[in-house]
1. Calculate the dipole size of the range 741-822 relative to its Cα centre from +1 charges on Lys and Arg beta carbons and -1 charges on Asp and Glu beta carbons; express the result in debye to the nearest 20.
2. Compute the Rg/Rh shape ratio of the range 626-707: radius of gyration over Kirkwood radius, all on alpha-carbon atoms.
3. How much accessible area per residue does the range 321-364 have, in Å², with a 1.4 Å probe?
4. Does anyone have the angle between helix 939-949 and the longest principal axis of the chain? Alpha-carbon axes, 0 to 90°, nearest 10?
5. May I ask you to list the residues of the range 806-838 whose amide nitrogen lies under 17 Å from a point 7 Å from Cα along the Cα→beta-carbon direction of Ser846?
6. Could you please state how large a percent of the accessible area of the range 798-875 is carbon and sulfur, counting protein chains only and using a 1.4 Å probe?
7. Step through the table entries Lys626/Lys666; Lys583/Lys666; Lys869/Lys941; Lys360/Lys436; Lys339/Lys680; Lys921/Lys989, compare each Cα-Cα distance with 29 Å, and write down the pairs that go over it.
8. I'd like to compare 929-935, 860-866: which one has the highest average count of other Cβ atoms within 10 Å, and what's the full order after that?
Amino acid sequence: MESLKLPLSLGMSNPFLTSSLVSRFHPRCNLGLSNGCRNHSGFIIVFPTKFLSKHCNTKGVWSAQVSTRSTSASTQPITEELIEDNPKDLYTSGDSIRRRFLDFYASRGHKILPSASLVPEDPTVLLTIAGMLQFKPIFLGKVPRQVARATTSQRCIRTNDIENVGRTSRHHTFFEMLGNFSFGDYFKKEAIKWAWELTISEFGLPAERLWISVYEDDDEAFSIWHDEVGVPVERIKRMGEEDNFWTSGVTGPCGPCSEIYYDFHPERGFSETDLGDDSRFIEFYNLVFMQYNRTDDGSLEPLKQMNIDTGLGLERMARILQKVPNNYETDLIFPIIEKASELANVSYARADDSVKTNLKIIGDHMRAIVFLLSDGVVPSNIGRGYVVRRLIRRAVRTGRLAGITGDGRGNIEGAFLPTIAEKVIDMSTHIDSDVKARAPRILEELKREELRFVQTLERGEKLLDQMLVEALSSANENGTTPCLSGKDAFLLYDTYGFPVEITREVAGERGVSVDMHTFDIEMENQRRQSQAAHSAVKLEVGNDADLTASISNTEFLGYDTLSARAVVEGLLVNGKSVLQVSKGNEVEVLLNRTPFYAESGGQIGDNGFLFIPEARNQEQAVIEIKEVKKSHGNIFVHTGTVKEGSIEVGGEVEAAVDARLRQRAKVHHTATHLLQAALKKVIGQETSQAGSLVAFDRLRFDFNFHRPLLDNELMEIEELINSWITDATLLQTKVMALTDAKNAGAIAMFGEKYGEEVRVVEVPGVSMELCGGTHVSNTSELRGFKIISEQGIASGIRRIEAVAGEAFIEYINARDSYMKQLCSTLKVKAEEVPTRVETLLEELRSARNEISAARAKAAVYKASIVANKAFPVGTSTTIRVLVECMDDMDADSLKSAAEYLMDELQDPAAVILGSCPGEGKVSLIAAFTPAVVGMGIQAGKFIGPIAKLCGGGGGGRPNFAQAGGRKPENLSSALEKARAELVSLLSEKAS
């Protein structure tokens, strides 16, 4: 094919690029661009970006092509031969597909909204698993819609199919879901027609390659697809409830769905077609028609507001348009795979299927890991922290399987995940612009977690070796074929991250098979638990839906006043709506306006009172408010107790906030901002907030950091904050556009969700944060700041608790009172307390050592008395055995006694000692000489079952082991059992 490439510098005045020519060559200008634009002469034209943007209504377009091939039949991307230095058609790049989708729906009245965090606000879901999750309250009718139509590109995480990642062409843990949503606006006809127009006109997919699925009873959707869109009947499949009826749970919103599939092999025809055949079809667009509510009895009732929820898989569309065999080889993932290949010193193109699979797993997992860490998820052993830890461990062990050693920069012992993560971060700009700013923290966390896990892997290798020794020994004793149990293999896999492939390989070298059947059962059990926990978005239509639907958002007056008149719009007792509540009852009060701050942004809600003054037809009433929270969006719920009189819906109240408590909260909230600023100055800008609490008595601030803070660092932080307090700086509060606030350098508070306009709280020269909380007017109101504690609460997460203002004064006064009492007790001055305490501690240590030495001597003396109770066992070899109760001897003394007896009885000898050192306590010791251990009898394994009889457990080395228990009453029988079993074992070995 001949080609003509025009320089990007070519201006719009060039006569070759006239609008008529473009209209002729570029069908998207009028009809929508297919996968490229080609002229009748076979020339390929690469248009400048500005030209396409101006004349073709496109955004983010770098190139397009013109060909003699028909637009309906061709989806081939531009090749390297056609466009120099550009291996991919940028018009079909992942970033371009995302932009084109959003622009398509924006031009049809949809508001482009940002992706929600991977850490959802919804407490019923561990991670954001679907594009609709951020709109769940709107679908439930609990939050009024802000827009009628929306479109998003949502970052999602799913791990329920993690074992399929890299092994199929389409499974991922991290993916982007492009979606368009209608909240009671348009419905099936528009959703279907726009989905088709997007697919055919915008993305240029040939109509003859598209198949449709509809719910078996959804005649309306079938008719729209066939009669109005024109899809032939033979390419529309009716499918059952399992495939094409979306539900949110046992009850709640639900409805039929319709899906669009791309056919990779249309030559196979129409007979016996299975849309589930991954080798032929890929489902890339799902349209959910949310039109019913499933009630408790299972029946369906129409929703008052019918909604549209769609999802188009970005990775899947990229695969189709870029003409690659799987999602992993698109420009969304393949650069990450190439970096992993480089570190493994292998060629992906020439690698075998096993290596390719490992590289795909790394490419997938690294995207999930980076974006989870960026959104504040820290590796741990619970919750979402376990998800990211598991992904990191899978990436590490998979990298080792692929042959990666070292960080690729010459450090053979270095971590390799940060090197690959740098590529993910470089590619993150159009997905989440905040990732690059968080890069230092992400890379440091990855490095620390990987190096820690490498040590765990090494422990797993040692445990495997021990398991194989036991399997061989057991098989030898029983005359069976050596086999490692499936439970042991799964323990290595799940707890130690040891790949079952390596387990089988190592075991095979030692002549041991692995029970894969049991392993698969254990794996399936875990998979079911994972699916049950993480793969469903639960929606419910609550009993109070009618109440909240009739109540508008509460108007908050608390920034400007601490008291106001308000109207009671609703009352709840035990979650049920009532019209009146009388004295002595707990109540939740909904007001049309309020000066009370509702708990959010880490700040607790205000306390105070609602008053109803005595009037002609109304007795005086007092309601004490102890908690204020937000519900169903921005409705404030005031929880309290009716102390006097009664309160009724429609009545007017005087709402008054406790001014003293509000001031304490304001002080601590401003102090929290100063603390974050000080932390960034002292320990580094990369640290970020991971949670907070602003209370009346203290503040709590959680932040990402990999080590405890040093004393001098804590002192520097305190001094810095107190200097800012002394500066008496006036705070500035303003409302501005979110983009303007971020551009100005404002920091977002952890866990907060922001609208288009935000409130910015600034301490000039010190701190600027997006914050809806209440703050002091001047830093001098803080009076003083003191750190109470600094500690680790999770891997990579530290916590500081501190006080300021009135709480600071109370703290200092209390500490002063304690010091005075201490001085009085020790009869020294305050400055002499440390020296006096150290002297007392030294005296105490000395006394304890003397007592311990005395007890040891007593133990040895008692052991010398009972040594003559040892008896011989065995015929060919005589073994001295002693099993004795040592009364109330403590554990250390029991150890001294056993050591003495080992020397006294000489080899071969076996000693079991027990005692009851205190109420509800049992101590046990087993000590075997080398000759006894050589017979295959190990102290650690022997003492464990004996300790269980006493309600405990324990273990240790083959020659010496300790155990404990909680049932002293069983010690005598436990020692008898120990004596009998020991005699039996030794008699057999020594005969």
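1. I would put it at about 280 debye.
2. That ratio is 1.15, to two decimals.
3. 39
4. 90
5. 835-838, by backbone N distance to the label point.
6. Its accessible area is 57 percent carbon and sulfur atoms.
7. Lys583/Lys666; Lys339/Lys680; Lys921/Lys989
8. The densest-packed peptide leads the list: 929-935, 860-866.
The values are calculated or read from the model by the stated rules, or taken from the named source; none is laboratory data. Keep in mind the model is a prediction, meaning the values are calculated, not measured. Cβ coordinates were reconstructed from backbone atoms using ideal geometry, including for glycine residues, and neighbour counts include every protein chain displayed. The area values use the complete protein model at the heavy-atom level, side chains included, leaving out ligands, DNA and RNA. Shrake-Rupley method; radii C 1.70, N 1.55, O 1.52, S 1.80 Å.
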